[in-house]
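Here is the structure we will look at.
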Amino acid sequence: MILAVDTSLGTAVALIDADGTRRAEAGAVDPLGHAEVIGDLLVRALHEAGDAQITHVVAGMGPGPFTGLRIGIAAARTFALGRGLPVIPVPSHLAAALTALEADAATAPFAIVTDARRREVAITVFHGLDDDGIPVTVSDTVLVRATEADAHLDGIRRIDVATLSGTDLARVGARALAAGRTLTGDEPLYMRHPDVTLPGAPKKVGT
């Protein structure tokens with residue numbers, strides 16, 4: 001089985017078999033309560049999935065806010081470390097794109113649009129699936145003012161996403177694994193730096 005964890009929007013946890021069949025899925029839509037629910041969601045999903053052995057952990061790497069996104073990545077990495085499993089990093093918008101493509105088999109470019117807070121949205125443009133069954137990224141993720149999103153897209157169909165499918169995140173990871181591909185690095189795609197920063201070193205006082 002493959003376990004997927006994502007907190008780029010709400011909190012999503014899922015387990016699939018190697019062929020992509022969903023074994024379990026649990027989620028919460030609250031975009032702020034990741035730390036409070038992620039443990040319970042993991043327990044629920046693991047219980048539902050049964051005793052089959054987990055072989056890989058997929059971590060949703062964003063785009064997302066700093067505080068929420070790092071909770072899911074830390075949970076995925078900690079689970080993997082405790083069991084000696086490899087982590088597969090996957091851009092979260094790929095999961096949303098796969099959901100959209102399997103829902104209506106879009107033949108034209110389309111944009112996944114997610115709330116980045118502060119009246120901004122994160123936008124990634126996709127067009128179809130490649131030979132490995134992974135959504136093709138046409139334009140990398142950008143941060144745009146919500147009021148300027150349509151002008152930025154210039155007629156490209158937009159799909160606004162409020163929740164993410166943990167199952168589809170796991171499926172993207174499984175397809176990348178089967179193809180021997182790395183979809184992104186280990187650094188999360190934070191939409192902005194955290195508001196709180198560490199103070200600088202104390203100034204020296206002359207004598």
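Quick rundown of the values:
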quantity	calculated
Those residues of region 45-66 which are within 17 Å of the chain's Cα centre (by Cα), open to solvent by 10 Å² or more (accessible area, probe 1.4 Å) and more than 21 Å from Thr124 (Cβ to Cβ), in sequence order	His56
Selection count, region 78-87, where residues are open to solvent by 40 Å² or more (accessible area, probe 1.4 Å) and either more than 23 Å from Ala97 (Cβ to Cβ) or in contact with a Gly (Cβ under 8 Å, 6 or more places away or on another chain) (or both)	6
Region 108-124, residues that are more than 12 Å from Pro135 (Cα to Cα) and open to solvent by less than 70 Å² (accessible area, probe 1.4 Å)	Ala108, Val113, Thr114, Ala116, Glu120, Val121, Ala122, Ile123
Failed condition for Ala75, given (1) aliphatic (A, V, I, L, M); (2) open to solvent by 10 Å² or more (accessible area, probe 1.4 Å); (3) under 17 Å from Gly27 (Cα atoms); (4) out of contact with any strand residue (DSSP E or B) (no Cβ under 6 Å at 6 or more places or on another chain)	(4)
Residues (under 15 Å from the mean Cα position of the chain (by Cα) and open to solvent by less than 20 Å² (accessible area, probe 1.4 Å)) located in region 125-140	Ile134, Pro135
Any chance Ala105 is at pLDDT 95 or above, open to solvent by less than 80 Å² (accessible area, probe 1.4 Å) and among the small types (Gly, Ala, Ser)	no
Residues of region 146-168 that turn out to be in contact with a strand residue (DSSP E or B) (Cβ under 8 Å, 6 or more places away or on another chain), open to solvent by 80 Å² or more (accessible area, probe 1.4 Å) and in a helix (DSSP H, G or I), as a count	2
Pairs where the first residue, in region 42-65, is closer than 24 Å to Thr182 by Cβ and in contact (Cβ under 8 Å) with a residue 40 or more places away in the chain and the second is assigned to a loop (DSSP other than H, G, I, E, B) and open to solvent by 50 Å² or more (accessible area, probe 1.4 Å), C-beta under 6 Å, 6+ apart	His56/Pro86; Met61/Leu189; Gly62/Leu189; Pro63/Leu189
Condition check for Leu143: surrounded by fewer than 18 Cβ atoms within 10 Å (Cβ to Cβ), modelled with pLDDT under 95, at negative phi and out of contact with any Cys (no Cβ under 9 Å at 6 or more places or on another chain)	yes
Region 90-102, residues that are open to solvent by 20 Å² or more (accessible area, probe 1.4 Å) and closer than 13 Å to Met61 by Cβ	Pro91
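The values are calculated or read from the model by the stated rules, or taken from the named source; none is laboratory data. As the structure is a prediction and not an experimental result, all values here were calculated from the model. All Cβ positions, even for glycine, are placed from backbone atoms using ideal geometry, and neighbour counts span all protein chains on display. Surface accessibility is based on the protein's heavy atoms, side chains included, excluding ligands, DNA and RNA. Shrake-Rupley method; radii C 1.70, N 1.55, O 1.52, S 1.80 Å.
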